[in-house]
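Q: The structure's right below; bear with me while I get my questions together.
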Amino acid sequence: MTILFLDQSGELGGAELCLLDILCHSSATGDSLLANAQVALFSDGPFRERLARANIEHHLVGDLLPPRRDRSMLRRRLCETVSLIRSVQGILRLAKDCELLYANTPKAMVVGAIVQRLTGLPLVYHLHDILSEQHFGRWEYRFLIRLARACATRVIVNSQASQKAFVSAGGQPEQTTLIYNGFLPEQFSIDTATTADLKQKLGIRSDRFTIGCFSRFAPWKGQSLLLEALAILEDPSIELLLVGDALFGEGDYGLKLRQKTAALGLEGQVQFLGFREDVPQLLSTCDLIVHSPRAPEPFGRVMVEGMLAGKPVIAPQEGSAPELLRHGETGWLIPPRDSQLLAQAIERLQADSSLRLRLGQTAAVDAAKRFHLHHTNHQISELCQPLCHQSAPKLKRMTPPPPFAPP
């Protein structure tokens, strides 16, 4: 039996990192179902490189990258249609040898729904998003809900927050299964020598209070809110590590963050580190982790990573954060979108090292129990196994049409 995972992006967003964790751990543990999976990508990029490095079978089909903005609207729509057709054709060629389709992203769900109708294969949609107008266009999230209702056998939600949004938008609650993202706790146990060496390389002085913010650069992720909070504090002893960069055509926001840093006079306190693969090591250099999105977060892997690293985490009291963190026990929750209250929370935790230590230690134990990757993979395997057995595709051996040439 083979699962065919579908993913629209070649970039390493949260959904891609989650899938990479699932497949790499399955290969290491010899999970008979997930270890034999294949991945179909609609775009090339770092995600494909990581899959290749992990020896995970993958195929590049079609290309769903945004068309050039200098083209006319008609030309863009035509290119999008051609891209969609090419992707469907590529998936059909792979689907004839598979028992289950697994859509890991919204555009993958659209393609997966078309292939599901043509083949009769069961389709699982792993929902990593909050389906609402804050995150999607007015019609886009409603369209995804309708596709899920019509074509998906099961919908995996990564938090109660994403589950609630799915149901509120018209999704069927009985269709959903809650499975949190999983992690390997041992990866976040970093020895003091490694931490000290990295601090030296980054130029972090011993008298600095270091805050870490780990997220892709996007307006709703709220890095600008954190910069405003630092400006309010006016404390030169605070150093901020911004780990991440812009994805999905949001490069302008990354430039605006750098401009805002300069305008607020924070250039000597903020380091832009870009995307890094040594996240556990970078977490170990921090005294505090701040996640301050301006819109509800569907999961927010950095919150769990901060917990596993034994660091106190500040997050907004909305979205998934109240599920992951318990205020005053395993984290620090504050009202969202308020730079003044964020500044006060930072000041409170900066001044109380014993509180930071207690929060971090309790969080590490809690996260290791609740968000272990082994448990996540076991849940996914249990969900997919019976669907593979029940698979009865209508046109599974169909011969796909020849490739559609782009205009």
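The values are calculated or read from the model by the stated rules, or taken from the named source; none is laboratory data. Only a predicted model underlies this, so the values are computations on that prediction, with no experimental measurement involved. For neighbour counting, all protein chains shown are included, and Cβ atoms are generated from backbone atoms with ideal geometry for every residue, glycine included.
Q: Just to be sure before I move on: is Leu283 in contact with a Pro (Cβ under 6 Å, 6 or more places away or on another chain), buried (at least 23 other Cβ atoms within 10 Å of the Cβ) and within 21 Å of Gln361 (Cα to Cα) in the structure I sent?
A: So Leu283 does not fit the description; no.
Q: Could I ask something else about it? In this structure, is Leu266 in a helix (DSSP H, G or I) and either out of contact with any strand residue (DSSP E or B) (no Cβ under 6 Å at 6 or more places or on another chain) or not assigned by TED's automatic domain parsing to the domain that holds Ser162 (or both)?
A: No.
Q: Check off (1) surrounded by 14 or more Cβ atoms within 10 Å (Cβ to Cβ); (2) without any contact (Cβ under 8 Å) to a residue 60 or more places away in the chain; (3) not in a helix (DSSP H, G or I) for Cys213 and give me the number that stays unchecked.
A: Of everything listed in (1) surrounded by 14 or more Cβ atoms within 10 Å (Cβ to Cβ); (2) without any contact (Cβ under 8 Å) to a residue 60 or more places away in the chain; (3) not in a helix (DSSP H, G or I), Cys213 misses just condition (2).
Q: Then there's this: Scan the range 168-184 and report the pairs whose first residue is free of Cβ contacts under 8 Å to residues at least 40 places away in the same chain and whose second residue is in a loop (DSSP other than H, G, I, E, B) and among the hydrophobic types (A, V, I, L, M, F, W, C), with Cβ atoms within less than 8 Å and a gap of 6+ or a chain change.
A: Close Cβ pairs (under 8 Å, with a partner that is in a loop (DSSP other than H, G, I, E, B) and among the hydrophobic types (A, V, I, L, M, F, W, C)) amount to Ala169/Leu131; Gln175/Ala152.
Q: Is it the case that Leu226 is in a strand (DSSP E or B) and touching a strand residue (DSSP E or B) at 6+ places or on another chain (Cβ under 6 Å)?
A: Criteria not met by Leu226.
Q: While we're on this one: Picking from Ala113, Ala40, Ala52, which residue would you name as being modelled with pLDDT of 90 or more, assigned to a strand (DSSP E or B) and among the small types (Gly, Ala, Ser)?
A: It is Ala40.
Q: Restricting to the range 84-110, what's the tally of residues that are among the hydroxyl-bearing types (Ser, Thr, Tyr) and part of a helix (DSSP H, G or I)?
A: Matching residues across the range 84-110 total 1.
Q: Just to be sure, is Phe272 among the aromatic types (Phe, Trp, Tyr), surrounded by fewer than 18 Cβ atoms within 10 Å (Cβ to Cβ) and free of Cβ contacts under 8 Å to residues at least 60 places away in the same chain?
A: Criteria met by Phe272.
Q: In the range 170-183, how many are in contact with a Ser or Thr (Cβ under 7 Å, 6 or more places away or on another chain) and either of a type outside the set (A, V, I, L, M) or closer than 13 Å to Leu131 by Cβ (or both)?
A: 3
Q: Name the single residue, out of those in the range 240-258 being touching a residue at least 40 places away in the same chain (Cβ under 8 Å) and farther than 17 Å from Gln271 by Cα, that is surrounded by the most Cβ atoms within 10 Å (Cβ to Cβ).
A: Among residues in the range 240-258 that are touching a residue at least 40 places away in the same chain (Cβ under 8 Å) and farther than 17 Å from Gln271 by Cα, the one surrounded by the most Cβ atoms within 10 Å (Cβ to Cβ) is Leu247.
Q: Of the residues Ser292, Ser320, Ser339, only one is among the hydroxyl-bearing types (Ser, Thr, Tyr) and either surrounded by fewer than 22 Cβ atoms within 10 Å (Cβ to Cβ) or over 22 Å from the mean Cα position of the chain (by Cα) (or both); which?
A: Ser339
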